[in-house]
1. Which pairs have Cβ atoms under 7 Å, sit 6 or more apart or on different chains, and link a residue in the stretch 14-33 that is within 22 Å of GLY128 (Cα to Cα) and more than 10 Å from the ligand (Cβ to nearest atom) to one that is part of a strand (DSSP E or B) and not polar (S, T, N, Q)?
2. State all residues of the stretch 233-255 that are surrounded by 18 or more Cβ atoms within 10 Å (Cβ to Cβ), assigned to a helix (DSSP H, G or I) and not β-branched (Val, Ile, Thr); if no residue qualifies, say none.
3. Considering every residue within the stretch 350-362, establish whether at least one is surrounded by 17 or more Cβ atoms within 10 Å (Cβ to Cβ), away from the ligand (no atom under 12 Å from the Cβ) and over 28 Å from GLU237 (Cα atoms).
4. Got a number for residues in the stretch 153-175 being in contact with a Lys or Arg (Cβ under 9 Å, 6 or more places away or on another chain) and polar (S, T, N, Q)?
5. Spot the failing condition for VAL260; the list is (1) outside any helix (DSSP H, G or I); (2) more than 13 Å from ALA292 (Cβ to Cβ), and only one is missed.
6. Here are ALA49, ALA64: which of them is under 23 Å from TRP223 (Cα atoms) and away from the ligand (no atom under 16 Å from the Cβ)?
7. Testing TRP39 on (1) within 15 Å of the ligand (Cβ to nearest atom); (2) surrounded by 18 or more Cβ atoms within 10 Å (Cβ to Cβ), one condition comes back false. Which one is that?
8. Quick check, is GLY12 over 18 Å from the mean Cα position of the chain (by Cα) and more than 28 Å from ALA225 (Cα to Cα)?
Amino acid sequence: MSSLFEPLKLRGITVPNRIFLAPMCQYKCTGRDGIPTDWHLVHYGARAAGGFGMLIVEATGITAEARITPWCCGLWNDEQVGAWRRIVDFCHGQGAAMAVQLQHAGRKGSVYREFEPGRSGSVPVSDGGWATIAPSPIPFPGLGAPREATAEDLAKVISDFAAAAKRADAAGFDAVELHAAHGYLLFEFLSPLTNHRSDDYGGDLASRARLLLEVAEAVRAVWPADKPLLVRLSATEWTDGGFSVAEATEVAGWLKECGVDLIDVSTGGNVVVKIPSAPGYQARFAAAVRTAGLPVSAVGQITDPVQAQEILDAGQADVVSLGRVALREPSWPLRAAAELDADAMARYPDSYLRGRWPSDPIW
Ligand SMILES: Cc1cc2nc3c(=O)[nH]c(=O)nc-3n(C[C@H](O)[C@H](O)[C@H](O)COP(=O)(O)O)c2cc1C
């Protein structure tokens with residue numbers, strides 16, 4: 001039997017297999033109100049029916065000003081909770097576990113979605129944008145300058161994360177993932193390239209990690225004890241002087257002490273640099289962070305079932321997360337089960353059984 005299809009127990013949740021849907025913004029809250037739409041129901045529903053073990057729902061703003069774009073999802077009010085509940089319930093009905101990635105976009109917030117016709121860069125306040133905050137007033141290239149976050153701002157960020165986690169629980173999510181990767185607020189604090197503060201939240205690694213650890217503690221305090229807490233980290237910035245894999249591994253150990261259950265290991269996103277991407281290019285970072293003693297997910301150009309299985313067999317990761325390949329192939333896990341001879345472990349919707357892999361050549 002392929003271990004890709006073995007269940008994974010995280011606290012009180014049993015994820016049916018080791019294939020996660022990576023968080024991917026859809027930018028489809030057409031009312032610019034953070035309320036997920038029918039698009040999200042169909043998008044997540046198809047992948048739940050497609051056999052993914054856990055869906056990590058896209059970066060979701062803890063407040064309106066924490067979003068990346070005005071079209072991003074949110075979890076700052078009850079209407080959003082109700083809309084998520086419908087999606088989570090449907091996906092649960094297909095057998096998938098559901099996580100949501102909680103987000104503060106920091107200096108990379110208030111931007112146009114990447115496919116907005118004729119518009120790019122920062123969204124002005126006149127078009128529904130907002131003023132951004134960051135550890136230090138250093139703009140991301142091409143975007144508006146952020147304001148240096150005050151101690152009051154940080155106290156609010158922490159309590160907003162906790163409040164959003166409570167709403168995630170009310171919406172029925174099984175897990176929360178804190179977005180501390182890709183150059184958004186929590187990562188901006190981790191990185192010496194963007195955190196030039198001289199207060200308790202800047203300086204050595206323990207100080208740069210303070211905000212993330214305080215957020216993790218605050219979320220853990222309100223998040224049910226039988227539900228797992230995940231953190232996505234960028235384990236390298238691919239440039240000298242940036243946050244390093246050794247630092248990421250140390251922070252992962254501290255997060256474990258805060259009650260974090262799994263690290264989702266990505267890279268980059270805080271500075272503009274050429275990333276040498278290739279198939280499975282981030283798996284070695286997952287393997288390094290795994291030495292901190294908690295389960296990890298590997299992500300990044302994992303597209304082939306045998307390749308995914310090899311990452312688990314090599315002990316580089318406990319699960320794989322799939323991004324773009326899942327956009328083009330919502331039921332990738334069903335094909336993978338056939339290719340890895342784990343068909344008995346596949347989770348076909350009954351209506352789809354006649355189309356199962358390998359397809360019956362006779363009908
Ligand atoms: C359309 C799109 C949206 C994304 N949105 C997010 C996001 O909301 N949060 C996040 O942590 N990463 C996001 N990512 C990064 C993916 O989760 C993933 O790490 C990346 O695409 C690499 O994996 P892949 O090679 O399998 O696509 C996004 C990627 C894509 C293509």
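1. CYS29/CYS73
2. GLU247, ALA248, ALA252, LEU255
3. No, the stretch 350-362 has no match at all.
4. 0
5. With (1) outside any helix (DSSP H, G or I); (2) more than 13 Å from ALA292 (Cβ to Cβ) applied to VAL260, the lone miss is (2).
6. ALA64
7. (2)
8. Details: over 18 Å from the mean Cα position of the chain (by Cα): yes; more than 28 Å from ALA225 (Cα to Cα): no.
Criteria not met by GLY12.
Every number here is computed from the coordinates shown, using simple stated rules; none is lab data. Quick caveat, the model's predicted, so the values are computed rather than measured. We place every Cβ from the backbone using ideal geometry, glycine too, and count neighbours over all the protein chains shown.
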